[in-house]
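Below is one structure, written out as structure tokens; the observations come after it.
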Amino acid sequence: MRTKKYPSDTIREQFEIIKPLLEGARKKTKPRTVDLYEVWCAVLYLLRTGCQW
């Protein structure tokens, strides 16, 4: 888990509302190896900053 917080991060309570939608779109194959919350925050960061890939 990262220690630095970014302005684009959501709090975990807000993420819990969105999580069922993200989990429902996932195919059940193998166990997840990354924290879905961290992936969500990374996507929000990219959308907010528009940083280059």
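We did not get these values from a lab; they are worked out from the coordinates using the rules stated. Quantities reported herein were computed from a predicted structural model and do not represent experimental measurements. Using ideal geometry, Cβ is built from the backbone for each residue, glycine included, and neighbour counts are taken over all protein chains shown.
Below is a table of values for the structure above.
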read-out	value
Span per principal axis, largest first, for the Cα atoms of the chain (Å)	32, 27, 20
Mean residue ellipticity (222 nm) of the chain, computed from DSSP H runs ≥ 4 via -39,500 (n - 2.57), nearest 500	-16500 deg cm²/dmol
Positive-end residue of SER8, GLY50, ALA25, charge dipole of segment 7-53 with Cβ unit charges	ALA25
Sites THR3 and ALA25 - FRET efficiency at Förster radius 25 Å, r taken between beta-carbons, to 0.05	0.25
In nm, spacing of pseudo-spin labels at CYS51 and VAL34 (7 Å Cα→C-beta vector)	1.3
